[in-house]
1. Label points 7 Å out from Cα along the Cβ direction at Glu429 and Thr47: separation in nm?
2. What is the angle, in °, between the Cα long axis of helix 2-12 and the longest principal axis of the Cα atoms in the chain? Nearest 10 is fine, range 0 to 90.
3. With θ taken as phi - 60° and the coefficients 6.51, -1.76 and 1.60, list the Karplus ³J(HN,Hα) couplings across the range 338-352 in order, rounded to whole Hz; mark glycine and proline as x.
4. With a cap of 12 neighbouring Cβ atoms within 10 Å, and only residues DSSP puts in a loop, list the chymotrypsin sites (Phe, Trp or Tyr not before Pro) found in the range 215-296.
5. Under 5 Å between amide hydrogens, which residues at least 5 positions from Ser106 or on another chain qualify, with H placed 1.01 Å from N in the peptide plane?
6. Kindly identify the range 313-423 as rounded, prolate or oblate by the Cα gyration tensor criterion: order the square roots of the eigenvalues as a ≥ b ≥ c, call it rounded if a/c is under 1.5, otherwise compare a/b with b/c, prolate if a/b is larger, else oblate.
7. Using a ≥ b ≥ c from the Cα gyration tensor of the range 79-170 (square roots of the eigenvalues), is it rounded, prolate or oblate, where a/c under 1.5 gives rounded and otherwise the larger of a/b and b/c decides, a/b for prolate?
8. Rounded to the nearest 0.05, what FRET efficiency do Ala116 and Asn313 give with R0 = 30 Å and r taken as the Cβ-Cβ distance? Could you check?
Amino acid sequence: MDVLLQQLKCIVGDDGWQTDPSVLEPHLTEWRNVVHGRTPMMVSPETTGQVAEIVRACSAAGVGLVPQGGNTGMCAGAVPDASGEQILLNLSRLNRIRNVDAENFSLVAEAGCVLADVRSAARTVSRYFPLSMGGEGSCQIGGNLSTNAGGINVIRYGTARDLVLGVEVVLADGTVWNGLRTLRKDTAGYDLKQLFIGSEGTLGIITAAALRLFPDPGETVTALLAVPDALAAVTLLGNLRHALQDRIQAFELIGSRAMEYVQRHIPDVRLPFASPWYVLVDAAGGSAAESLQAALMDGMRDGTVVDTAIAKNEAEAEGFWRARHSISEAERREGIGVKHDISVPIASMHEFLVKGEERLARAVPEAEPVVFGHVGDGNLHYNAHLPAGLEPGREGELRTRISQVVYGLVAELDGSVSAEHGIGVLKKEWLEAHKSGVEMRLMRTLKDALDPKNTLNPGKVI
Ligand code: FAD
Ligand code: 2HG
Ligand code: ZN
């Protein structure tokens, strides 16, 4: 190990490595402080060439390498294991925007670019990069792609996977694959870039990406709605999409308990009304405001909408979105939460919620479900909170029981145990339980072929 550490120091230079425990500490646990790892060194390369040399050195030494972006991931995929023998590869210094091409509607960003900065860079040429989420001020494009992140605009623009034209990747043996093409159409052979998107650093290190830009969607109207239940929300979503077509940019469902937590823990959040369920909707482009208003009037008439608050200005819209984006932070402050980032077909969402509540109340009466999510994508964050002060061992038992209920229902409804956060380490057992033998075998075949020495993010996903 000492020889490897010396080599790594030479590759990245004096400013590119860290062994100081106090500096390393925030990089060794994930966002919710559930999983803790150890590392002898964190390296922070500035170029793709340095990443390639690091990968080559680790491969030669047979030492595991854990890529880390903004470390906002929810499944502990970016944290090294507890052995103290894995090197942490932090990509934050690999953060140049290499190219913005307004005419080609494309942008090339290095992996360490913060998502909010990529969105700003697109705006400088009057273009729009739609990937957007609560963590966008910290998460990085490499992390976004590696988890195939979703966020709030998937209903109109798709997930990270749909926003990528090409990637530059360092393979497990240190070879650099420059696949930064910006073509819209390319059927020449396998679509290799898609292998690396969503593979959480287990098949290659993404060092840069060519991203798809869109025309500026124009003025956005934001409305917070009170709806009677999730069934009404799904009906309303269908009606709004019919009336506004692809001008619906975001459609988020929020249960009252999530809003209660936000009001309890986040200062200065004011809601215009109280409701068992809220919907937050963004619409943009071609008289979206008028169309939305008319469609919401219809919703009031048919009972899918109980109350509406259309933001009068940007500050009010930001206030509504601040409440939505603060849910994870409010949950963290509330205490023990068991997270499930699931998806089911949109038409099954109501059934999922009704049966989920019944079964959870029976199996774990002390659990409080906190439900919110990207309803337009059939993606619910079905989190369950447990009371503080549980006896040692009891918490683990209840966590398992809760997840069995939730994932059991997911399986019945033909859903997924991970809609947008990935598998990391926290969901490995559930992946194994829910994928078919054929799928697991195919995944292992890919892993063995692309990383035969198992040095890229070992122990994650499979
Ligand atoms: P990290 O957490 O650093 O890493 C995530 C995974 O990718 C790890 O397995 C890591 O090893 C790997 N990785 C990182 N960089 C690379 C690279 N360059 N090459 C190869 N592998 C790499 N997610 C959503 O999908 N939708 C949301 O709406 C959403 N909202 C969020 C809100 C908040 C407040 C927070 C804290 C998180 C949210 N997330 C959301 C989760 C998280 O932000 C996303 O998954 C994000 O894409 C992770 O990016 P990151 O740079 O922080 O990645
Ligand atoms: C969101 O949609 C994120 O806000 C986080 O995906 C979800 O904290 C969560 O469970
Ligand atoms: Zn989400």
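1. The two pseudo-label positions are separated by 4.6 nm.
2. Compared with the principal axis, the helix lies near 70 degrees.
3. Listing the rounded values in order: 10, 8, 9, 10, 10, 9, 9, x, 3, 5, 9, 4, 5, 4, 4 Hz.
4. Qualifying residues, ordered by number: Phe273.
5. Excluding prolines and chain starts, which carry no amide H, the hits are Asp101, Leu213.
6. It comes out oblate by the Cα gyration axes.
7. prolate
8. 0.90
The values are calculated or read from the model by the stated rules, or taken from the named source; none is laboratory data. Everything quoted here is computed from the prediction, not taken from an experiment. Every residue, glycine as well, gets a Cβ built from its backbone with ideal geometry; the counts of neighbours run over all protein chains shown. The area values use the complete protein model at the heavy-atom level, side chains included, leaving out ligands, DNA and RNA. Shrake-Rupley method; radii C 1.70, N 1.55, O 1.52, S 1.80 Å.
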